[in-house]
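If you scroll down you'll find the structure; I have some questions about it.
The values are calculated or read from the model by the stated rules, or taken from the named source; none is laboratory data. Note that this is a predicted model, so its numbers are computed, not measured. Cβ placement follows ideal geometry from the backbone for every residue including glycine, while neighbour counts extend to all protein chains displayed.
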């Protein structure tokens with residue numbers, strides 16, 4: 001029995017067990033009610049469906065006798081009403097309404113937390129219940145459409161691929177544009193080390209005044225992930241689902257009969273009908289069946305506790321052989337001592353992925369092949385020769401590509417209250433990531449015959465060892481002055497190393513990749529290894545002062561010393577300051593307090609850095625291989641030659657981003673809240689590789705800090721608690737953001753460049769040497785540049801705009817950066833039913849439909865296939881790059897719809913049973929004619945070009961439309 005069938009069988013058995021266990025009986029319920037800060041709530045009304053009731057005591061506890069299976073309603077002034085099925089032991093967390101939200105919600109700010117009401121920077125918070133629903137294969141997907149200004153792009157339906165994160169536009173030309181990820185206080189962690197089910201909340205530090213506490217690593221913003229470490233309750237739960245997915249869209253190519261009809265009517269010379277009827281896309285695809293199972297437990301008390309979870313994910317891709325299997329687990333424990341003045345905690349998160357990536361060249365072949373060609377003939381894969389005519393089913397099946405990825409994160413933390421208000425914290429962590437690749441192409445594979453078998457193995461390890469220690473002082477004076485001080489030290493040691501080997505010429509294919517020594521054909525470069533190390537030492541501090549809950553000031557300073565920096569810039573300073581005025585608390589606003597709950601004005605400025613683009617040893621002079629081999633007469637042997645591969649640059653340093661932010665927070669009528677932020681951020685000392693003269697330089701290229709890049713934008717977040725009573729609730733949230741980017745400078749007196757061509761189409765037929773974009777001063781990254789299309793002449797050839805001399809004019813054709821992004825979510829609850837609807841979209845971006853360029857014109861017939869829609873376009877020549885192929889990429893996607901039902905429990909086995917169904921990627925509203933408008937727009941290589949998601953991959957992995965069915969059980 002395979003795992004998918006077992007999952008269905010297990011859920012059916014659970015449903016039968018639940019049904020047989022129902023029995024009416026009395027139940028004594030006891031529990032605790034707390035706020036989001038885990039503080040006990042006194043006087044909460046607890047009422048059963050039959051009318052019995054009580055209130056919580058001074059410790060937030062209650063006891064009530066009810067009929068098993070009844071629902072209990074928890075209500076408290078200023079908090080949202082919650083209805084839950086009664087269980088023997090209950091732990092209820094009430095969320096505040098907009099009127100008191102700022103007073104009780106605690107937000108992660110880096111090296112500590114603050115009340116939301118005290119914040120002076122631009123920080124967005126997302127709780128676990130608001131994260132994206134559905135089949136999640138990478139943790140970044142949880143945030144898609146949830147935070148204004150944060151774009152999460154998932155440019156592929158491949159379950160083995162992650163998502164690209166970008167906050168308030170890109171800040172770098174050659175370094176990473178992804179935010180820094182902080183997990184449970186540990187910066188620089190792979191977000192996928194922890195599982196989605198373990199995440200309690202995610203806080204996003206948007207502006208530099210908030211992110212500057214992370215110094216040279218915070219230029220792209222910071223995402224703080226908090227996991228379920230101290231629960232304060234005893235519980236056990238199981239969550240599982242089975243999902244079914246199919247391709248949401250595919251190209252409408254000519255069928256075999258359409259191909260025959262065309263070549264017959266048009267007397268196409270050289271047309272060969274092979275007698276088959278093959279849809280090559282369907283031959284590569286399948287109905288993907290995935291399943292996930294998570295078992296979580298906790299046993300928390302006032303003095304000690306532990307929690308843990310174990311999960312298994314089997315995510316099939318809709319392309320055959322594509323899959324991701326993930327086994328994950330975590331264990332956390334905490335202990336108080338010294339009369340609760342000392343707290344010790346430790347945690348380990350670990351997961352292992354086994355997956356099979358897809359060679360996306362199979363789609364290049366599938367889009368090319370004659371549809372009359374059968375997949376197999378006489379028991380063999382059909383081949384007609386030519387690099388563009390290989391059988392894609394043979395390529396898919398006659399390769400073995402097995403990858404494993406292991407992530408481990410462990411940390412220990414000690415927190416000691418030295419005197420009242422003064423705490424010392426020591427946090428040590430170790431992160432280990434390992435990637436292992438195994439590939440074998442057998443000698444009978446069509447492309448592997450000349451090699452007589454090809455095998456490859458590679459292994460890469462990454463370790464991150466950190467020690468952070470800091471002091472915090474938190475004191476309130478005279479009930480009006482609140483002071484928080486923090487200062488600390490951080491040490492980071494990052495090491496990476498790896499090796500690889502490959503061989504050809506195998507006498508047998510039985511070994512696969514497990515015995516490379518059996519290959520007798522070895523070449524220079526078949527074996528390699530590498531190692532690198534970087535260290536970062538930091539001192540940091542922050543002061544936060546609040547007067548009378550009206551005036552707030554925050555200032556931070558961080559000093560980073562990095563081994564990556566050049567000799568003349570080993571240390572960098574990163575300051576920030578921000579202030580807020582809670583206008584609604586002023587005496588002159590007394591007349592508005594019956595409807596205006598909060599009005600706060602914020603302003604901040606800060607400087608952050610980005611050292612990711614430097615890499616290890618980039619400021620030093622390096623030597624390496626590359627000059628070929630030479631014959632040494634003294635030893636009568638061939639030897640490898642070495643030469644200069646990098647010039648020294650003692651002035652190399654981090655990229656620096658200065659950002660100004662102005663924001664307004666408002667809450668009114670006890671139900672509505674809004675946040676508006678406007679920002680200007682400018683990145684200076686951009687890293688880029690420039691050509692330099694020889695001499696005086698020994699190497700012809702140099703990495704240097706030269707350019708400037710700016711982003712300007714505005715963000716809006718709206719939240720509404722529209723209806724909230726004991727029977728029906730309705731909430732809605734909307735996030736919107738506009739960003740405009742511009743490259744301000746690319747050159748200085750030493751390093752010069754006018755414009756840098758990018759967005760090459762070299763790997764597409766007939767497009768060798770063609771660039772579609774320019775990196776140019778005054779324009780954004782991803783600017784399309786080229787000729788304008790004016791129409792077709794009488795012969796079906798492209799007419800391009802020219803000057804008076806007849807030269808084709810190269811001009812601005814649009815930009816790949818979206819000007820507007822949005823996310824929307826609404827949820828309803830009625831009695832036991834709940835419904836959640838989420839959508840996201842991006843608007844204003846341009847997409848180059850390079851996919852259509854390559855397979856559209858009728859001249860491809862009869863040798864290749866074409867799109868059905870192109871038969872009547874009267875185009876007679878091959879594709880020529882122009883704005884004819886550039887389309888509006890705006891889209892709005894119905895991301896997910898989840899309908900759930902919580903059963904009335906009538907037994908002693910379960911405290912909660914919920915069943916649900918989720919549909920994902922149900923509808924996409926767009927004018928784009930390609931497969932999917934959500935293409936990759938990060939980086940410099942090919943942003944906004946619909947052709948690939950990786951080097952050499954010409955075609956897109958189709959996105960799936962997925963339906964999942966699951967159950968949540970609490971024991």
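For (1) assigned by TED's automatic domain parsing to the domain that holds residue 684; (2) part of a strand (DSSP E or B), each residue gets a yes or a no:
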| site | (1), (2) |
| --- | --- |
| 588 | yes, no |
| 598 | yes, yes |
| 608 | yes, yes |
| 623 | no, yes |
| 629 | no, yes |
| 656 | yes, yes |
| 660 | yes, yes |
| 666 | yes, yes |
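One line per residue, one yes/no per condition, for (1) modelled with pLDDT under 85; (2) under 18 Å from residue 214 (Cβ atoms):
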residue: 164; (1), (2): yes, no
residue: 171; (1), (2): yes, yes
residue: 175; (1), (2): yes, yes
residue: 181; (1), (2): no, yes
residue: 185; (1), (2): no, yes
residue: 199; (1), (2): no, no
residue: 202; (1), (2): no, yes
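Further question: Here are some residues: 174, 127, 138. Which one is out of contact with any strand residue (DSSP E or B) (no Cβ under 6 Å at 6 or more places or on another chain) and surrounded by fewer than 21 Cβ atoms within 10 Å (Cβ to Cβ)? Give the steps one after another, and end with the answer.
Numbers: 174 fails: out of contact with any strand residue (DSSP E or B) (no Cβ under 6 Å at 6 or more places or on another chain); 127 fails: out of contact with any strand residue (DSSP E or B) (no Cβ under 6 Å at 6 or more places or on another chain).
Testing whether each residue is out of contact with any strand residue (DSSP E or B) (no Cβ under 6 Å at 6 or more places or on another chain) and surrounded by fewer than 21 Cβ atoms within 10 Å (Cβ to Cβ) leaves just 138.
Residue 645: surrounded by fewer than 17 Cβ atoms within 10 Å (Cβ to Cβ) and assigned to a strand (DSSP E or B), yes or no?
Numbers: surrounded by fewer than 17 Cβ atoms within 10 Å (Cβ to Cβ): yes; assigned to a strand (DSSP E or B): yes.
Yes: the conditions hold for residue 645.
Within the range 918-926, is even one residue modelled with pLDDT under 90, assigned by TED's automatic domain parsing to the domain that holds residue 249 and surrounded by fewer than 20 Cβ atoms within 10 Å (Cβ to Cβ)?
No, because not a single residue in the range 918-926 is modelled with pLDDT under 90, assigned by TED's automatic domain parsing to the domain that holds residue 249 and surrounded by fewer than 20 Cβ atoms within 10 Å (Cβ to Cβ).
Please go through the range 435-468 and pick out each residue that is assigned to a loop (DSSP other than H, G, I, E, B) and crowded, with 16+ Cβ neighbours inside 10 Å.
Initially, the range 435-468 is screened for residues assigned to a loop (DSSP other than H, G, I, E, B), giving 442-445, 449-453.
Of everything in the range 435-468, those that are assigned to a loop (DSSP other than H, G, I, E, B) and crowded, with 16+ Cβ neighbours inside 10 Å turn out to be 442, 443, 445, 451, 452, 453.
Got at least one residue in the range 664-674 being closer than 21 Å to residue 777 by Cβ, crowded, with 18+ Cβ neighbours inside 10 Å, touching a helix residue (DSSP H, G or I) at 6+ places or on another chain (Cβ under 7 Å) and modelled with pLDDT of 90 or more?
no
Among the residues of the range 723-762, which ones are touching a helix residue (DSSP H, G or I) at 6+ places or on another chain (Cβ under 9 Å) and not in a strand (DSSP E or B)?
Of everything in the range 723-762, just one residue is touching a helix residue (DSSP H, G or I) at 6+ places or on another chain (Cβ under 9 Å) and not in a strand (DSSP E or B), namely 761.
So, one more: For residue 658, indicate whether it is in contact with a strand residue (DSSP E or B) (Cβ under 7 Å, 6 or more places away or on another chain) and closer than 26 Å to residue 571 by Cα. Don't jump to the end; show me each part of the working.
Values: in contact with a strand residue (DSSP E or B) (Cβ under 7 Å, 6 or more places away or on another chain): yes; closer than 26 Å to residue 571 by Cα: yes.
For residue 658, the condition - in contact with a strand residue (DSSP E or B) (Cβ under 7 Å, 6 or more places away or on another chain) and closer than 26 Å to residue 571 by Cα - is met.
Also: Do we find that residue 219 is buried (at least 23 other Cβ atoms within 10 Å of the Cβ), over 19 Å from the mean Cα position of the chain (by Cα), under 20 Å from residue 559 (Cα atoms) and not assigned by TED's automatic domain parsing to the domain that holds residue 90 in this structure? Break it down into steps so the answer makes sense when it comes.
Numbers: buried (at least 23 other Cβ atoms within 10 Å of the Cβ): yes; over 19 Å from the mean Cα position of the chain (by Cα): no; under 20 Å from residue 559 (Cα atoms): yes; not assigned by TED's automatic domain parsing to the domain that holds residue 90: yes.
When the stated conditions are applied, residue 219 does not pass them.
Under 29 Å from residue 137 (Cα atoms), assigned by TED's automatic domain parsing to the domain that holds residue 416 and without any contact (Cβ under 8 Å) to a residue 24 or more places away in the chain: which single residue out of 329, 308 fits that description? Full working, then the answer.
Numbers: 308 fails: without any contact (Cβ under 8 Å) to a residue 24 or more places away in the chain.
Just a single option satisfies the conditions, and that option is 329.
Suppose we filter the range 232-261 for residues that are more than 30 Å from residue 305 (Cβ to Cβ) and either surrounded by 16 or more Cβ atoms within 10 Å (Cβ to Cβ) or in contact (Cβ under 8 Å) with a residue 40 or more places away in the chain (or both); how many remain? Don't jump to the end; show me each part of the working.
Filtering the range 232-261 down to residues more than 30 Å from residue 305 (Cβ to Cβ) leaves 242-261.
Subsequent filtering for residues that are either surrounded by 16 or more Cβ atoms within 10 Å (Cβ to Cβ) or in contact (Cβ under 8 Å) with a residue 40 or more places away in the chain (or both) retains 242-256, 258-260.
Final tally of qualifying residues: 18.
Residues of the range 105-122 being out of contact with any helix residue (DSSP H, G or I) (no Cβ under 6 Å at 6 or more places or on another chain), part of a loop (DSSP other than H, G, I, E, B) and surrounded by fewer than 23 Cβ atoms within 10 Å (Cβ to Cβ), which ones?
Kept after step one, since they are out of contact with any helix residue (DSSP H, G or I) (no Cβ under 6 Å at 6 or more places or on another chain), are these residues of the range 105-122: 106, 108-109, 111-115, 118-120, 122.
So of that shortlist, the ones also part of a loop (DSSP other than H, G, I, E, B) come out as 109, 111-112, 119-120, 122.
If the condition is that a residue be out of contact with any helix residue (DSSP H, G or I) (no Cβ under 6 Å at 6 or more places or on another chain), part of a loop (DSSP other than H, G, I, E, B) and surrounded by fewer than 23 Cβ atoms within 10 Å (Cβ to Cβ), then 112 is the only one that fits.
Has the range 11-18 got any residue that is in a strand (DSSP E or B), closer than 18 Å to residue 911 by Cβ and modelled with pLDDT under 80? Write out each step before concluding.
Step one: list which residues in the range 11-18 are in a strand (DSSP E or B), which gives none.
Checked against the condition, which is being in a strand (DSSP E or B), closer than 18 Å to residue 911 by Cβ and modelled with pLDDT under 80, the range 11-18 yields no hits at all.
I've got another one for you. I'm told residue 209 meets every condition in (1) closer than 30 Å to residue 680 by Cα; (2) under 23 Å from the mean Cα position of the chain (by Cα) except one. Can you identify the failing condition by its number?
(2)
I want to confirm something. Restricting to the range 357-382 and keeping residues that are surrounded by fewer than 22 Cβ atoms within 10 Å (Cβ to Cβ) and at pLDDT below 85, which single residue is farthest from residue 401 (Cα to Cα)?
361
Any idea which residue in the range 281-306 is farthest from residue 353 (Cα to Cα), counting only those that are touching a helix residue (DSSP H, G or I) at 6+ places or on another chain (Cβ under 9 Å) and crowded, with 23+ Cβ neighbours inside 10 Å? Working first, answer last.
Within the range 281-306, the subset touching a helix residue (DSSP H, G or I) at 6+ places or on another chain (Cβ under 9 Å) is 281, 283-284, 289-294, 296.
Among the residues that remain, those that are also crowded, with 23+ Cβ neighbours inside 10 Å are: 284, 290-292.
Details: 284: 23, 290: 15, 291: 15, 292: 14 Å.
Result: 284.
Same structure, new question: Would you mind finding the one in 413, 343, 423, 352 that is surrounded by 15 or more Cβ atoms within 10 Å (Cβ to Cβ), without any contact (Cβ under 8 Å) to a residue 60 or more places away in the chain and under 18 Å from residue 185 (Cβ atoms)?
Values: 413 fails: without any contact (Cβ under 8 Å) to a residue 60 or more places away in the chain; 343 fails: without any contact (Cβ under 8 Å) to a residue 60 or more places away in the chain; 352 fails: under 18 Å from residue 185 (Cβ atoms).
When all the criteria are applied, what remains is 423.
Still on this structure, I have one more. Would you confirm whether or not the range 899-908 contains a residue that is within 30 Å of residue 68 (Cβ to Cβ) and crowded, with 23+ Cβ neighbours inside 10 Å? Walk me through it before giving the result.
Initially, the range 899-908 is screened for residues within 30 Å of residue 68 (Cβ to Cβ), giving 899-908.
With crowded, with 23+ Cβ neighbours inside 10 Å added as a condition, the list becomes 905.
Yes: one or more hits.
Looking for something over 19 Å from residue 750 (Cβ atoms) and in contact with a helix residue (DSSP H, G or I) (Cβ under 8 Å, 6 or more places away or on another chain) - is there at least one such residue anywhere in the range 683-704? Working first, answer last.
Here is the first cut: in the range 683-704, the ones over 19 Å from residue 750 (Cβ atoms) are 683.
Within this subset, residues satisfying the condition of being in contact with a helix residue (DSSP H, G or I) (Cβ under 8 Å, 6 or more places away or on another chain) are none.
Within the range 683-704, not a single residue is over 19 Å from residue 750 (Cβ atoms) and in contact with a helix residue (DSSP H, G or I) (Cβ under 8 Å, 6 or more places away or on another chain).
Does residue 605 qualify as being in contact with a helix residue (DSSP H, G or I) (Cβ under 7 Å, 6 or more places away or on another chain), closer than 28 Å to residue 707 by Cβ and surrounded by fewer than 22 Cβ atoms within 10 Å (Cβ to Cβ)?
Details: in contact with a helix residue (DSSP H, G or I) (Cβ under 7 Å, 6 or more places away or on another chain): yes; closer than 28 Å to residue 707 by Cβ: yes; surrounded by fewer than 22 Cβ atoms within 10 Å (Cβ to Cβ): yes.
Criteria met by residue 605.
I'd like to check something: does the range 351-361 contain any residue that is closer than 27 Å to residue 318 by Cα, in a strand (DSSP E or B) and touching a helix residue (DSSP H, G or I) at 6+ places or on another chain (Cβ under 8 Å)? Full working, then the answer.
First, the residues of the range 351-361 that are closer than 27 Å to residue 318 by Cα: 351-361.
Keeping just the survivors that are in a strand (DSSP E or B) gives 351-356.
Going one step further and asking which of them are touching a helix residue (DSSP H, G or I) at 6+ places or on another chain (Cβ under 8 Å), we end up with 351.
So far as the range 351-361 goes, yes, one or more of its residues are closer than 27 Å to residue 318 by Cα, in a strand (DSSP E or B) and touching a helix residue (DSSP H, G or I) at 6+ places or on another chain (Cβ under 8 Å).
Being without any contact (Cβ under 8 Å) to a residue 60 or more places away in the chain and under 30 Å from residue 83 (Cβ atoms) is the filter here, so list the residues in the range 856-901 that pass it.
Scanning the range 856-901 gives a single hit, 894.
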